[in-house]
Each structure stands twice: as structure tokens, then as C-alpha cells.
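This report concerns only the one structure given below.
The values are calculated or read from the model by the stated rules, or taken from the named source; none is laboratory data. Keep in mind the model is a prediction, meaning the values are calculated, not measured. Don't worry about glycine lacking a Cβ; one is built from the backbone with ideal geometry, like all the others, and counts go over all protein chains shown. Only protein heavy atoms, including side chains, enter the accessible area calculation; ligands, DNA and RNA are left aside. Shrake-Rupley method; radii C 1.70, N 1.55, O 1.52, S 1.80 Å.
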Amino acid sequence: MELRIEGVGTRLGGRWVVDGVDATPPDGALTGLLGPNGAGKTTLLRLVAGLLPPERGAVLVPDPDAPGARATVPVHALPRRRRARHVALLEQESNATVPLSVREVVALGRIPYRSLWGTDSDDGAVDRALAAASAAHLADRAWSTLSGGERQRVQIARALAQEPDLLLLDEPTNHLDVSAQLSLLAFVRDLGVTTVAALHDLNLAAAFCTHVLVLSQGRLAAAGAPADVLTPTLLREVYGVEAEVLVHPTTGRPVIALTGRSPEEGA
Amino acid sequence: MPSRARALVVTALLPVVALAACASGGEGSPAPSSPSASAADAGFPVTVDNCGTQVTVEQAPERIVTIKSSTTEMVAALGLADRLVGTGFSDGPPPQEWADELAGVPVLSDKVPGQEALLEVEPDLVYGGWESNFSADGAGERDVLAQLGIATYVSPSACKEEGYQPDPLTFDLVFDEIRQAGALLGAPDAAEEVVADQEATLEAVEPLDGVTAVWWSSGTDTPYVGAGIGAPQMILGAAGIENVFADVHDTWTSVGWEQVVAADPDVLVLVDSAWNTAESKQAFLESHPATSQLAAVRERRYVLVPFAATEAGVRNADTVADLVEQVGALGLGG
Amino acid sequence: MSPTDRPPLRPPLLLLLAVGVALLVLSVLVTVTIGPADLSVAEVARSVAGHLGLPVADVARLHDAIVWDLRLPRVLTAAAVGAGLAVAGAVMQSLTRNPLADPYLLGLSSGASLGAVAVLVLGVAVLLPVAAFAGALAALVATLALARTSGTLTPARAVLAGLAVSQLAAAGTSFVIFWTATGDSYREILSWLMGSLAGATWTSVAISGLALLLVGTVLVAAATRLDAFAFGDTSAAALGIDVDRTRWSLMTLVALLTGAMVAVSGAIGFVGLVLPHAVSVVTGPAHRRLLPVAAVTGAVFLVWADTLARTVFDPRELPVGIVTALIGVPVFAVLLRRGRGTAWS
């Protein structure tokens, strides 16, 4: 899905937590949303998901009523159910104690498609989503017994069951071990769905993202390909760290080697 | 946590209701113990075991406070109305014969008087109809009042303790209570006269035969009725009326309308009080789909008794006579 | 393997409902023949058949009254109230994401009690169910208004506001009782506060049945939306649910349903708290399965609990709330043990 973020901003408690962000994440690719804690990543994701109306600007998506045409509509203006058939958002934490089976969790993703009496127009969608997320073997397990990596995979299957054109992930690699982090991001990258993922780990972002957006205090500090954006200067300005940016010997992607905190200004 | 808090709200509320329910459950039931000081011996001090509390009265009380109609009327019947310095918790107007004497007595409270209101009139004896009248949030604990030099006396028929609660209540026990009150209040001779009067009244009664009754005191969803061992049974028994719920070993009890309808009693005894009138009871019986089918309701075979006469005391014998007359007037039991 | 590792065994909904409804019909038929009055099954059958217009021999007038005016309305009210409370409890637990929520969480029972006590003690010339219902609604409005003053209606705010309103209404009830401490109207109040079906009439059947039918149907229809709350508000919103409006309207509906039930029976405890948990062990937490099965189970449960209440101490009547608590607490304990390490940890 072609997504255009045009000068969006919103306040929480009087402070502009997202302030005039312009961005155009590439179609069908994985975009990393970077920035220190409190930079506004989660709020921007909620704005892009249409769950929070922007006070300024707009998040524009293709008009689902006019496929093929170039018409766009603000995502928050879409009717809720319709929006949920195009945009899926996975939150940072998912409650581990929900007493559902995996299949039931994934079936939640079909809610936007269910009729008043709960019948789904597409019986196979849950199985397809489970298969697509390589989670079919987990289908009959109880959600509460899954490992962190399995849980994320199932949550992504749930999001896929929504058949979204736009996938929004908030810190999907949190609490995962290294191998699970790699396989999850590789999987998301290869989905072919326009995806924006808030990420903590700069090297993971550098390794998997086509495009990165760097937020700093609610504003967009930089956007572009990881190799262009993730420079020592940007890392110093945004994160307050000193780093060398190397080139990975086999992938050719940037690798960030931290050396330490930047000296306090004026100290 | 929220649910527990809600539970707390309920439990916080219950004691008030439970206490009140206890209080109202404590109606009439004198002790089987006879006075330790014989009625004939007018000499003070008098000591009695009253519901498990030792009560000693050094001399004839001069300043008496009564709580509940039954005790007020007892004092009046003993001819001591002029010693009353206050009354509380009236269940209804006194009978005509004592109305004038009692008219001038200060009413401390229409409920149980609080401790201060009680102490203000400087009583030397407080005579309560129910044990629950003597509580910290009522007239005061009995031992606290005792330390202040105020004797307390509870109508023995209202004792709730095992061994003190009359089981069943009989007219002999009521007469014992009258004699005991006479001894404590310094009017033993008057007590004997009252007892003699009552005995005469009862002797003059020609008990009915073959009449069944339900004694309905209160409650609409679950009627609260006279059971096997309290004042209702004593009064009905003396009148020769068969109490449908005589088998229930209790003073009063909650039953269902199903049992009342199944029993199909000849008459319904309706207790009349200001807060629960016999009139409202009749209206309920006649509007309820099941009870309205009862022969006693269709033929309006109601018998009314004032609430104050249904607690053990000086009005019980008259109530027996009254019941016999009312039922007779309905053309039954002859 | 812990029990939760096993793939949950979930029988088909239609099978569960068929068994449940069959059990309910059987329970009603059996319990209506049970009672302190010694009536034969044939008499009971003839009484019911007679009222249904079937050509049968007449039943003695009073026996007919016992069956048709006392037992049957009471059994049917018990069924409707049990079903309503179980559904209301299940919905409230999901809306507040609090497994200890019950239908009375928003101050409803306290409000209804205040209304009822006002009628019972002050002799206000209003029918008791009407006053109780008005009290419940007033409590709901107060709770939601209080919760709303601070912005969006989060579960925590609703619960806290409900607590405050409960306290206030309970204080009001205590005050009314204190102020009018006469005679033994308390007994009636006590029985009402603990919940009782003793006063059930055909009017009660109509009130509780209609509320169940109307509100219950809407709640079952909203089952899918309730499912969406499993992973929280944001997740529900991302699934296309209008979180705020859904919570407001469903809480109001639960309150209406509960208010109607409280109005006819007082605040019967534990049905709305325990049954949804017990039922979800079999149905799973999907509301489209849970709500209808909880309704039928609640109905069967309360029909039998009330039958015990009116017969065990014959001729004495036991408040049915005591029976539901006596059965409910052990069930709750078992569920707690079972649920260790999962939803209730």
C-alpha cells in the first residue's frame, strides 16, 4: 500500500509528541522506525494506524473504494471495520495470560470480516495466515504456553488474518532471543506487505530494513536507506552516542559499532 | 480487589441489618428461671439472674426508664407509671386503661434511646423489652450502665441464651415474669393482683375447637409467622386455635407462601403495627394470585392483634380472650 | 505437560446448547413438582396443562394456585435471572478485563438496594421492582458520570467509580435503615439484600424474561466485539472496534439486564461471578460460544439452587443467595487451583 505521512502531529498532555512528520515509506517493503525512548514511535504508529486522529497533517492511504485510481483518503477517516481490513497493528506487549488457543488468537484477526452473527466470509483465512506465519504447527496449542518467539509469530499470523495492505509493528523483537529476532525480521521483510516496524536495535534495522525513519523528540530527524541515514553524526545528535559505522563484510549493510556516550554538551 | 471492596460494602451494611433483625427476632420469650428472690418477699436488696446477668436492686427504683411497649405497659399494670421518667421504642398506643397515666411520661425516643438521652434523665433502673436494646449503639452495655449505678432488666421472655430462652413460652412463665418484675420494682402485691387478674381472664375463656390459623407477623415475599415456642403459639394454644406452624421449633419463622396456601388455614391472624398495618396485609393477601385463592382470604376471615400485645407481657391474656371473641364472631370454632 | 498444554477440547456449540436446553427443560419440569406442599406429579401436570388450555380434569383450587401462581413463576424467574446474571457477569468480566468482575460491579446492587429499602422501610408508594430498577439505573448513571469526568472510560476508572457509588448507596441504605429502625421490616430487607426469589410472580417472569430476551440477544450479537478485547483496548481498536462506544453501550446494557434481575430477585451473588469461569472451561472464552452456554447453565443452576432454598429446611425459607454462595465458593476454589499460572496469575 502506498502510504504518505504528511506533516502529522499530535499532542498528548499538551506536549507535541509527534510534530510535523513527513514520510513516504516504500511500498511493499520493511521500513524501520527508529529513535530513542520517548521519541514518539508508538504514537506515530497509532497515528498511521488511524487509531489516533492527527491534530495536524494527515496520513494518506489509497482510497479502498477506488482501487486503481490514484485517489487517497486520510486513514483515520476510514470506517473502522473497513480500515481494519487494510491496516493491522501489533502492540508492543501482548498479554501472555489470555486463555485462548493459538487458532482462536489468529481468528481474532478475522473480526473485521465477521457478520453480526459471527460468521466469517472466508473459512480458510485463519489457516492461510497460520501457514504464512509458519505457525500452523502451533494451531492447537494454548496461547499461554508459547515461547516469546512463538507468541510473536502467532501475533503476526493474527495480523495477517486481517489481510492487511499495511502492517504496523511496535517493537516486534522485544523479549526475543537473537535467533528469533533474525528469523522474525527476515520473515516480515519477505512478506511483501508495506510494513512499518518500530525497532530498538539499530543493527537489526540496518540489516533488514529497506528504509528507515529516525524520530527525535517527535520530529523526523532523518529518513532514507539505512546506509545513508545511520551516520556517526546522526547517532550523536539523536542518541547521544559515539559510534563507528562499518560495512558488513558479507551483506554489505551498515554495522554500527558503539564506542561510548557522547560528552555532555558544554561540559 | 474491586470485587472484594464491594463485598466489604455489603458486609459493612449487613451488621446494621443483622443487628436489627436480631432485635426484631428477640420478641417475647421469658426465662424458665424463677426469681431468686421470692415474690412474696418485698424486702430489698433483690438479686435476679436476668438472661445470664446478675442484677441487684438495692431499693425500690424511683426513676424507671422503659424501652418497648411491653415493658412500659408492665410498669403501668403494676401501678408504677408515676415512677417512669422516660420511655422509648413504643410499638403502638397503650390500652385505654393506662392511657391517662402514661400520657405525661416523657418519650426519650421513638426508637431505642441513645446513652446520653438515657443518662440525662438519671434513671436508677432501665427495663428493656429486648436484649439488643442494651448495646453500645443503643441504650448502652449492661455492665457499663451497672458501673454508673443503673440497674438493667430485660424482659426474661426475650432472653436468647440457651437455658434462658423459654422453650416453650407458657403463661406460667409470663406470670413468673410479672412476679419477678413486681419484686424488682418493689410492687410484689400489685404483681400478684395482675397475675390473679390474668388467670381469671384465661379461666373465663372457653377455648375454641377445630380452628386452624396462620399467625402472620410481617414480610411479604417470605412471610414471617408465629412458630412453635413463642408468644404466638402460647396465645393461640390458650385460645384453642391450632397453629399451622406449631411444629417449627422457633418463636417465629420465615416460611413460603406455598406452605401457607397448602395448609389452607381457617383464619389468618394479622399482626397490626404502625409500620406494617393489618390493612396492608389484607391488601397483599387479596392481591396476590395464590393467597387470594385461600378460603380465609375470600371470606375475609381475618383476626387482628396489635403488635404490642404479641410480646410476652401483661396483654397476652386479654389477647387470648380477644382472639376467641373475634374467631367466634366469624362463626367458627363453636 | 501442564493441563493447559493440551489442545483445548471444545465441543460444538450446537451440541452444548442442545444438552443445556434439554437439561433446563427437564429441570423446570422436575423442580415444579418439588415443594413443601405435598402435590402429586399428576396434579402438577394437570394444573399446568389446564392453564395451557388442554382438556384435563380440574385440580383443587389451592393446589392449582400453588403450582401455577407460586411454583411455576418462581422456577421460571429463577431460570431467567440465572441466565441473565451469568451473561451479565461474563460480559462484565470481558469489558473490565477483570476475572473477579460480577454484574454488580458498577454499583448496581447497592443502588437497587437503596431503591428497594426506601420502598420497604419508608413505605413509598412505588412497586418494589420499579424502585429497585430505578435505584440500579441511578447508580449506573452516577458511576458512568463519575468515570467520565476524567476522560475516557477505562475499566479501572469504571471499577473505581462503581466502588465509590456502591459505598455511597450502601451508606444511604444504612442510613435509611438506621433512621427508620422500626419493627421487623428488616427481615424483609435482609432477605432482599441476600437475594431471594420467594416473591416471584408472573410479573417477575415477564420482567426478567423480557430483559433476558431483549438485552441477552443484543449481548450475544455483540459477542464478536467482546472477543476483540482479549488483548486490550488498542488491539481491539486495531481490529475495527470503537472501544469507547462499545464499552459504554455494553456496560449500559449489562446494567439494564442486571437492574431488571435485581429488581425481581435482589442481589443474588456468585452466579454472575463463578458461572462464566466454569462455563468457559468447556466452551473456551470465545463469547459467541460462551454467552449462550453460560445463559443456559446459569438458568439450570439457579433453578436448582432456588429449589434447594425453598425445600431443604421446609417449612422454613432460606435466602437463595446462601445456597449460591455455598455452591459457588467451592467451585470458585477449584477454578482458582485449575487456573494457577494462567489467566489468574
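Just to confirm my filter: which strands (runs of 3 or more DSSP E) fall fully inside the stretch A:14-80 and include at least 1 residues that are among the aromatic types (Phe, Trp, Tyr)?
Passing ranges, in order: A:15-23.
So, C:GLY172, is that one open to solvent by 10 Å² or more (accessible area, probe 1.4 Å), at pLDDT 85 or above and either at negative phi or away from chain B (no Cβ under 13 Å) (or both) or not?
On the way: open to solvent by 10 Å² or more (accessible area, probe 1.4 Å): yes; at pLDDT 85 or above: yes; either at negative phi or away from chain B (no Cβ under 13 Å) (or both): yes.
When the stated conditions are applied, C:GLY172 passes them.
Let's see how each residue does on (1) more than 26 Å from C:LEU213 (Cβ to Cβ); (2) more than 14 Å from every other protein chain (Cβ to nearest Cβ); (3) open to solvent by less than 40 Å² (accessible area, probe 1.4 Å); (4) not in a loop (DSSP other than H, G, I, E, B):
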site: C:ASP38; (1), (2), (3), (4): yes, no, no, no
site: C:HIS63; (1), (2), (3), (4): yes, no, no, yes
site: C:VAL67; (1), (2), (3), (4): no, no, yes, yes
site: C:GLY89; (1), (2), (3), (4): no, no, yes, yes
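Would it be correct to say that C:ASP227 is within 9 Å of another protein chain (Cβ to nearest Cβ), touching a helix residue (DSSP H, G or I) at 6+ places or on another chain (Cβ under 7 Å) and within 22 Å of C:THR143 (Cα to Cα)?
Numbers: within 9 Å of another protein chain (Cβ to nearest Cβ): yes; touching a helix residue (DSSP H, G or I) at 6+ places or on another chain (Cβ under 7 Å): yes; within 22 Å of C:THR143 (Cα to Cα): no.
Judged against the criteria, C:ASP227 is not a match.
Does C:VAL75 satisfy the condition of being within 30 Å of B:ALA283 (Cα to Cα), assigned to a helix (DSSP H, G or I), modelled with pLDDT under 90 and not small (Gly, Ala, Ser)? Full working, then the answer.
Details: within 30 Å of B:ALA283 (Cα to Cα): yes; assigned to a helix (DSSP H, G or I): yes; modelled with pLDDT under 90: no; not small (Gly, Ala, Ser): yes.
Taking the combined requirement at face value, the residue does not satisfy it.
Specify which of the listed residues (A:LEU167, A:LEU138, A:LEU182) is hydrophobic (A, V, I, L, M, F, W, C) and either modelled with pLDDT under 90 or closer than 28 Å to A:PRO62 by Cα (or both). So that I can check it myself, show each step before the final result.
On the way: A:LEU138 fails: either modelled with pLDDT under 90 or closer than 28 Å to A:PRO62 by Cα (or both); A:LEU182 fails: either modelled with pLDDT under 90 or closer than 28 Å to A:PRO62 by Cα (or both).
Just a single option satisfies the conditions, and that option is A:LEU167.
Could you list, in sequence order, all residues of the stretch B:265-289 that are assigned to a loop (DSSP other than H, G, I, E, B) and in contact with a strand residue (DSSP E or B) (Cβ under 6 Å, 6 or more places away or on another chain)? Give the derivation first.
Residues of the stretch B:265-289 that are assigned to a loop (DSSP other than H, G, I, E, B), as a first pass: B:265-266, B:274-275, B:277, B:288-289.
Of everything in the stretch B:265-289, those that are assigned to a loop (DSSP other than H, G, I, E, B) and in contact with a strand residue (DSSP E or B) (Cβ under 6 Å, 6 or more places away or on another chain) turn out to be B:PRO265, B:ASP266.
Return yes when B:GLY182 is under 17 Å from B:LYS281 (Cβ atoms) and either out of contact with any Cys (no Cβ under 6 Å at 6 or more places or on another chain) or buried (at least 24 other Cβ atoms within 10 Å of the Cβ) (or both) and no when it is not.
no
For the stretch C:14-31, check the following and say yes or no: at least one residue is closer than 30 Å to C:ALA171 by Cα and either open to solvent by 10 Å² or more (accessible area, probe 1.4 Å) or touching a residue at least 12 places away in the same chain (Cβ under 8 Å) (or both).
Here is the first cut: in the stretch C:14-31, the residues closer than 30 Å to C:ALA171 by Cα are none.
No, the stretch C:14-31 has no match at all.
Determine if the stretch C:297-308 includes at least one residue that is open to solvent by 30 Å² or more (accessible area, probe 1.4 Å) and of a type in the set (Phe, Trp, Tyr).
Pass one, the stretch C:297-308, residues open to solvent by 30 Å² or more (accessible area, probe 1.4 Å): C:297, C:301, C:304, C:308.
Narrowing further to those that are of a type in the set (Phe, Trp, Tyr): C:301, C:304.
Yes, the stretch C:297-308 contains at least one residue that is open to solvent by 30 Å² or more (accessible area, probe 1.4 Å) and of a type in the set (Phe, Trp, Tyr).
Quick one: count up the residues across the stretch A:69-117 that are facing chain C (nearest Cβ under 9 Å), polar (S, T, N, Q) and within 20 Å of the chain's Cα centre (by Cα).
Counting residues in the stretch A:69-117 that are facing chain C (nearest Cβ under 9 Å), polar (S, T, N, Q) and within 20 Å of the chain's Cα centre (by Cα) gives 2.
Based on what the data block shows, is A:VAL212 closer than 20 Å to A:VAL241 by Cα and crowded, with 22+ Cβ neighbours inside 10 Å? Give the steps one after another, and end with the answer.
On the way: closer than 20 Å to A:VAL241 by Cα: yes; crowded, with 22+ Cβ neighbours inside 10 Å: yes.
In short, yes.
Taking strands (runs of 3 or more DSSP E) that do not extend beyond the stretch B:165-264, which have at least 2 residues that are within 14 Å of chain C (Cβ to nearest Cβ)?
Details: elements: B:211-218, B:224-226, B:241-243, B:252-254.
Counting at least 2 such residues, we get B:211-218, B:224-226, B:252-254.
Within the set of pairs 6+ apart or on separate chains, which have a first residue in the stretch B:288-299 that is among the basic types (Lys, Arg), a second that is open to solvent by 20 Å² or more (accessible area, probe 1.4 Å), and C-beta atoms under 9 Å apart?
B:ARG298/B:GLU286; B:ARG298/B:SER292
Please tell me if B:VAL194 is touching a residue at least 24 places away in the same chain (Cβ under 8 Å), β-branched (Val, Ile, Thr) and within 20 Å of B:PRO232 (Cα to Cα). Outline the logic, then answer.
Working: touching a residue at least 24 places away in the same chain (Cβ under 8 Å): yes; β-branched (Val, Ile, Thr): yes; within 20 Å of B:PRO232 (Cα to Cα): no.
Here the answer is no, as B:VAL194 does not meet what is asked.
Please determine, by comparing only the residues of the stretch A:57-68 that are open to solvent by less than 50 Å² (accessible area, probe 1.4 Å) and small (Gly, Ala, Ser), which one is nearest to the other protein chains (Cβ to nearest Cβ).
So, considering only residues that are open to solvent by less than 50 Å² (accessible area, probe 1.4 Å) and small (Gly, Ala, Ser), the one nearest to the other protein chains (Cβ to nearest Cβ) is A:ALA58.
From (1) at pLDDT 85 or above; (2) out of contact with any Cys (no Cβ under 9 Å at 6 or more places or on another chain), pick out the condition that doesn't hold for A:GLU93.
Result: A:GLU93 fails condition (1) only.
Between a first residue in the stretch B:55-83 that is under 16 Å from B:VAL174 (Cβ atoms) and a second residue that is in a strand (DSSP E or B) and open to solvent by less than 10 Å² (accessible area, probe 1.4 Å), which pairs have beta carbons less than 7 Å apart while being 6 or more apart in sequence or on different chains?
B:LYS68/B:GLY128; B:THR71/B:TYR127; B:THR71/B:GLY128; B:VAL75/B:ILE64; B:VAL75/B:THR66; B:VAL75/B:TYR127
Scan the stretch C:242-267 for residues that are within 12 Å of chain A (Cβ to nearest Cβ) and either open to solvent by 10 Å² or more (accessible area, probe 1.4 Å) or within 25 Å of C:LEU193 (Cβ to Cβ) (or both) and jot them down.
Initial filter on the stretch C:242-267 (within 12 Å of chain A (Cβ to nearest Cβ)): C:242-246.
If the condition is that a residue be within 12 Å of chain A (Cβ to nearest Cβ) and either open to solvent by 10 Å² or more (accessible area, probe 1.4 Å) or within 25 Å of C:LEU193 (Cβ to Cβ) (or both), then C:ASP242, C:VAL243, C:ASP244, C:ARG245 are the ones that fit.
Of the residues B:GLY129, B:GLY114, B:GLY140, B:GLY163, which is open to solvent by less than 10 Å² (accessible area, probe 1.4 Å) and at pLDDT below 90?
Working: B:GLY129 fails: at pLDDT below 90; B:GLY114 fails: open to solvent by less than 10 Å² (accessible area, probe 1.4 Å); B:GLY163 fails: open to solvent by less than 10 Å² (accessible area, probe 1.4 Å).
Going through B:GLY129, B:GLY114, B:GLY140, B:GLY163 in turn, the sole match is B:GLY140.
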